[in-house]
Amino acid sequence: MEKNLDRDEMLELIGGSVRGEAFRRATFAGATRGAPCEWVRVVVRAIELRGERHFQFAYQGAKKAVTKNFLDDEVEAPLDELVGYGFAGVHITTGAEEIDIRTSRKGQVHVGRHKLKGATEAPEPESHNRVKDVPLPEGKADALLEIMGIATPDGRVRPTMRAKFNQINEFLKQLRHVLDDAKLNDLGRDVTILDCGCGSSYLTLAAHHYLNDVLKVPSRVVGVDVNEDVIRKSVERADRLGAGNLVFECRRIGTVDVAADIVFALHACDTATDDAIAQAVRSEARLLLSVPCCHHDLNKVIRADGPAEVLRPVLRHGILLQRTADLITDAFRALALRIMGYRTDVVEFVATEHTPRNLMIRAVRTREAASGVTDSAHVAEYIELKRFWRVTPYIEKVLGEPFQQLVKATAL
Ligand SMILES: C[S@@+](CC[C@H](N)C(=O)[O-])C[C@H]1O[C@@H](n2cnc3c(N)ncnc32)[C@H](O)[C@@H]1O
């Protein structure tokens, strides 16, 4: 597909593609027509370091070369700076398509998009002017969006933050969808929300605003992260917002003493998602919304042995092994939640992304796990799945004694 874009549409396309989950690599090269620039070419890659997605910026100049890595939460400023140089050529590769953007000397922007074989059609990005029925509409809650770095002072979503803006809105939509089921509207006290692996707290702050100011559900929000820098940044943002009932703690998930009614985990790395699920179950949270991130635990141990021998043609390919491990990990999580008394489903979270990380595990507590009773059919499925794969998933280890006892007692 070939077409011409205006400058804002171009910035939105670059920002949305680079920050999107399916992003692989972008090359910025050619003449620069923006801010003064010492680089001839800059290559941005999505890489994984210590189990977390990073963006690696490789700057190539006439006399020097520099490489810097940024976390998702940190990429906003360097990406803004990079697009500000105004390179004439930008080539982006995602899991779904190749995008080639050329800017002429007269400032005309031409874009060519070629879908990769096997990928489904990538939807057009939302126009930033369109008013939609979303929890955080553009042009409203300006102070919040501005302080989070998502919108400009005049209320327009920054092109490079469009993907984050959409992601938060989709998350809050899911929250709205199950909030009534969780019967949290008339507790007679503030609702407590725990955001596990909160990062720079985009979701934490947005949820605080959405519940307290929009839905008028008085809520206290606690953000937890192991990274001191993001916690410092989150505290600064909350202070600037002047929002009360917001707490941040630099701790590991699972070590926080909070009786949470709602637990969030948005892309908490690897087994941190399981730690968040266990925290929700332990505190008998009524609601859990978890979007898993990278999965490594089962990937290391599943084999085409025993009953799974028939899957040898699948598991011999690294990418298929990874995807199989992802699916099994999330199936174990959902099943464990059902066993512990949660009505659980797995839904597509960000429909507009081509990514294996767009699933949400949505769980509403319907029964006291402490009652010692659970559905024997779920337990039978769980045991059978373990037997088939010959594994003990991390979720079982972290749910510990109460879960293991329940499974054992029900299976007898
Ligand atoms: C990919 S970021 C997601 C941040 C945020 N939820 C978002 O989506 O914008 C994952 C965050 O989880 C944090 N994290 C990973 N493992 C953790 C653990 N065991 N306990 C607390 N935080 C953890 C990391 O420091 C990082 O900030």
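The values are calculated or read from the model by the stated rules, or taken from the named source; none is laboratory data. The structure presented is a predicted model; accordingly, all values stated were derived computationally and were not measured. Every residue, glycine among them, receives a Cβ derived from its backbone with ideal geometry; neighbour counts consider all protein chains shown.
Across the stretch 300-353, what is the number of residues that are crowded, with 16+ Cβ neighbours inside 10 Å, β-branched (Val, Ile, Thr) and in a helix (DSSP H, G or I)?
4
Tell me, please, whether a residue that is of a type in the set (D, E, K, R) and touching a Phe, Trp or Tyr at 6+ places or on another chain (Cβ under 8 Å) can be found in the stretch 253-260.
No; the residues of the stretch 253-260 include none that is of a type in the set (D, E, K, R) and touching a Phe, Trp or Tyr at 6+ places or on another chain (Cβ under 8 Å).
Report the residue count in the stretch 31-67 for those that are more than 16 Å from Gly89 (Cβ to Cβ) and either polar (S, T, N, Q) or outside any strand (DSSP E or B) (or both).
Selection size over the stretch 31-67: 10.
What number of residues in the stretch 207-264 are part of a helix (DSSP H, G or I), surrounded by 21 or more Cβ atoms within 10 Å (Cβ to Cβ) and within 12 Å of the ligand (Cβ to nearest atom)?
4
With (1) within 25 Å of Ser17 (Cβ to Cβ); (2) surrounded by fewer than 19 Cβ atoms within 10 Å (Cβ to Cβ) as the list, and Glu170 as the residue in question, which single condition is left unmet?
(2)
Restricting attention to the stretch 321-340, does a residue exist that is within 16 Å of the ligand (Cβ to nearest atom) and of a type in the set (Phe, Trp, Tyr)?
Checking the stretch 321-340: not a single residue is within 16 Å of the ligand (Cβ to nearest atom) and of a type in the set (Phe, Trp, Tyr).
Looking at Leu205, Leu194 in this structure, which one is within 19 Å of Ala280 (Cα to Cα) and not acidic (Asp, Glu)?
Leu194
Considering Asp239, Asp213, Asp225, Asp229, which residue is assigned by TED's automatic domain parsing to the domain that holds Leu287, of a type in the set (Asp, Glu) and closer than 19 Å to Val134 by Cα?
Result of the check over Asp239, Asp213, Asp225, Asp229: Asp213.
Which of (1) more than 10 Å from the ligand (Cβ to nearest atom); (2) within 25 Å of Phe70 (Cα to Cα); (3) of a type in the set (S, T, N, Q) does Thr271 not meet, given it meets every other one?
Failed condition: (1).
Please specify each residue of the stretch 10-60 satisfying the condition of being touching a helix residue (DSSP H, G or I) at 6+ places or on another chain (Cβ under 9 Å), of a type in the set (D, E, K, R) and away from the ligand (no atom under 16 Å from the Cβ).
Passing the criteria: only Glu12.
For the stretch 246-257, give me each residue that is of a type outside the set (Gly, Ala, Ser) and in contact with a helix residue (DSSP H, G or I) (Cβ under 8 Å, 6 or more places away or on another chain).
Scanning the stretch 246-257 gives Leu246, Phe248, Glu249, Cys250, Arg252, Ile253, Val256.
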